[in-house]
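Input: a single structure, listed below in structure tokens.
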Amino acid sequence: MKDVRLDFPLLRTHQDLIYLDSAATSLKPQIVLDAMNRYYTDYGANIHRGLYAISEEASSEYEETRQVVADFINAPSSQEIIFTRNATESVNLITYALGREMVDPGDQIVTTVIEHHANFVPWQQLAFQHDAEFKVIDCLENGDLDIYDETGRIDLSGIITTKTRFCALTLVSNVLGTVQPVKEIIKAIRAINPKTLILVDAAQAVPHMPVDVQDLDCDFLALSSHKMCGPTGVGVLWGRNEILAHMPPFLFGGAMIREVRIEETTYDESPHRFEAGTPDIAGVIGLKAAVRYLQGVGMQTLYKHEQELGATLLKQLQEAFGTKIRILGADSRLPRIGLAAFELEGCHPHDVAALLDEENIAVRAGNHCAMPLHARLKANATTRASLYLYTTHDDITKLVTALHKVHTRLCPSIKK
Ligand SMILES: Cc1ncc(COP(=O)(O)O)c(C=O)c1O
């Protein structure tokens, strides 16, 4: 894993930087930049409509990404891969295109309190606009969802009903770092209401662990390229073909139509029906390079590396600060990715982040687009360190040492 650092040019141009903000966006390996550059320098034409060589090359490179992404998440068909701008747009595509058609007054839309706003606000607004009930699954003090009975089994009776149209779940929380038992939750939902459509937010999962849409048995899955070594500006929505085939369009315009007459417009098949206008061609080609890069590393290897690093991060923080630190989700028994969002006694997270920056350490402070979760756990804001394949044990040690300095500076009177 150590050698992968050489693949990331930003780590060469900022040799002293300790980048611990990969949950916000990951660094990009050179081969992703090269792939995008090659598109612009060698065959940078628009796709699908050009009957000349470089346009055909661009179309084929773009379309090939669908198959590469489909294989990566084990989708049955590349036709089920829709390119969007980001995970947020992938969720909105479903709430706009399908939600508006399907949700009636009195129906229920279910999500959880641990969601990123991207998988919370679109559903909340859909529910509000259609007089549907917006049900939010609570969590416990350790951040685990409050879905277990006394024997530890998942029990969704009272949450999922015959009126539940949609359920939106995150696979990995961007604040807790925990991997949710989404496969088991989906099983429990299907046992109560097999017609509930289930969207999995995998924005923090796909970059860090193997994800298999068929194994999860979800209906839709959203991800963002920029969190998985790919460029910004590209997201993916995976959906089951049988649903996408009947789903109305989201955005209207060029590239998504079959025939346009003054009286009427007919639409192309999925996935093109959902990709109106010129897409981020270079970005999609960059995403293909990113997926191939991650496959080269091996998702199991990467996940194992992150689990090890994540455990070290938690252990070192807890050993260094004891009761003076509160790491959200640290008491959960669920598996985790390498991420810790924490409160340090007496220190405002923004001050912590600003002082860490003086030590060349990049972390994020705030609510991380998860206000309901912070409110639920009574944390105004947290400092978040998030790791990835290029993070080393040495980075973690340096973070903890720098945090000591920061703590002493901000709270000279608090005894360690
Ligand atoms: C869990 C989760 N879901 C969704 C998103 C939204 O991703 P994007 O901003 O790329 O749409 C994020 C971004 O941080 C996230 O962490």
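Hey, does region 297-310 have a residue that's within 16 Å of the ligand (Cβ to nearest atom) and aromatic (Phe, Trp, Tyr)?
No, because not a single residue in region 297-310 is within 16 Å of the ligand (Cβ to nearest atom) and aromatic (Phe, Trp, Tyr).
Which of the residues belonging to region 120-153 are more than 24 Å from the chain's Cα centre (by Cα) and closer than 28 Å to Phe342 by Cβ?
Residues satisfying the conditions are Tyr148, Gly152.
Collect the residues in region 214-249 that are within 20 Å of Ala118 (Cα to Cα), not in a loop (DSSP other than H, G, I, E, B) and not polar (S, T, N, Q), keeping them in residue-number order.
Matches in region 214-249: Phe220, Leu221, Ala222, Leu223, His226, Lys227, Gly235, Val236, Leu237, Trp238, Gly239.
Filter region 107-135 down to the residues that are within 13 Å of the ligand (Cβ to nearest atom) and closer than 14 Å to Arg165 by Cα and list them by number. Spell out the reasoning first.
Within region 107-135, the subset within 13 Å of the ligand (Cβ to nearest atom) is 111-112, 114-123.
Hits for region 107-135 are Thr111, Trp123.
Inspect all residues belonging to region 110-119 and state whether any of them is of a type outside the set (Phe, Trp, Tyr), within 16 Å of Ile189 (Cβ to Cβ), in contact with a Ser or Thr (Cβ under 6 Å, 6 or more places away or on another chain) and in a strand (DSSP E or B).
yes
Which of the residues spanning region 82-106 are crowded, with 23+ Cβ neighbours inside 10 Å and more than 16 Å from the ligand (Cβ to nearest atom)?
Scanning region 82-106 gives Leu98, Gly99.
Given the options Asp71, Asp104, name the one that is under 29 Å from Cys167 (Cβ atoms) and not in a loop (DSSP other than H, G, I, E, B).
Going through Asp71, Asp104 in turn, just one is under 29 Å from Cys167 (Cβ atoms) and not in a loop (DSSP other than H, G, I, E, B): Asp71.
Does region 264-286 include one or more residues that are among the basic types (Lys, Arg) and out of contact with any Pro (no Cβ under 6 Å at 6 or more places or on another chain)?
Checking region 264-286: not a single residue is among the basic types (Lys, Arg) and out of contact with any Pro (no Cβ under 6 Å at 6 or more places or on another chain).
Exactly one of these conditions fails for Ser55: (1) part of a helix (DSSP H, G or I); (2) of a type in the set (Ser, Thr, Tyr); (3) touching a Phe, Trp or Tyr at 6+ places or on another chain (Cβ under 7 Å). Give me its number.
Ser55 satisfies every listed condition except (3).
Collect the residues in region 205-255 that are of a type in the set (S, T, N, Q) and either more than 16 Å from the ligand (Cβ to nearest atom) or out of contact with any helix residue (DSSP H, G or I) (no Cβ under 7 Å at 6 or more places or on another chain) (or both), keeping them in residue-number order.
Here is the first cut: in region 205-255, the ones of a type in the set (S, T, N, Q) are 214, 224-225, 232, 241.
The answer is Gln214, Asn241.
Could you list, in sequence order, all residues of region 346-361 that are surrounded by fewer than 18 Cβ atoms within 10 Å (Cβ to Cβ) and at pLDDT 95 or above?
His348, His350, Asp351, Ala354, Asp357, Glu358, Glu359, Asn360
Being hydroxyl-bearing (Ser, Thr, Tyr), under 24 Å from the mean Cα position of the chain (by Cα) and outside any strand (DSSP E or B) is true for just one of Thr65, Thr41. Which residue is that?
Criteria check complete, one pass: Thr65.
Considering only residues that are free of Cβ contacts under 8 Å to residues at least 12 places away in the same chain and assigned to a helix (DSSP H, G or I), which ones fall in region 387-412?
Answer for region 387-412, where residues must be free of Cβ contacts under 8 Å to residues at least 12 places away in the same chain and assigned to a helix (DSSP H, G or I): Asp394, Thr401, Thr408.
Going residue by residue through region 365-386, is there one that turns out to be over 28 Å from Pro122 (Cβ atoms) and part of a loop (DSSP other than H, G, I, E, B)?
no
Here's a check for you: in region 23-38, which residue that is among the β-branched types (Val, Ile, Thr) and either surrounded by fewer than 23 Cβ atoms within 10 Å (Cβ to Cβ) or farther than 23 Å from Gln204 by Cβ (or both) is nearest to the ligand (Cβ to nearest atom)?
The qualifying residue nearest to the ligand (Cβ to nearest atom) is Thr25.
Kindly list the number of the only condition in (1) of a type in the set (Asp, Glu); (2) in a loop (DSSP other than H, G, I, E, B); (3) under 18 Å from Gln295 (Cβ atoms) that fails for Asp34.
(2)
Find the residue count for region 343-395, including only residues that are closer than 30 Å to Val4 by Cα and of a type in the set (Gly, Ala, Ser).
So the answer is 7.
The values are calculated or read from the model by the stated rules, or taken from the named source; none is laboratory data. Because the structure is predicted, anything quoted here is derived from the model rather than measured. With ideal geometry, Cβ positions are generated from the backbone for all residues, glycine too; neighbour counts draw on all protein chains shown.
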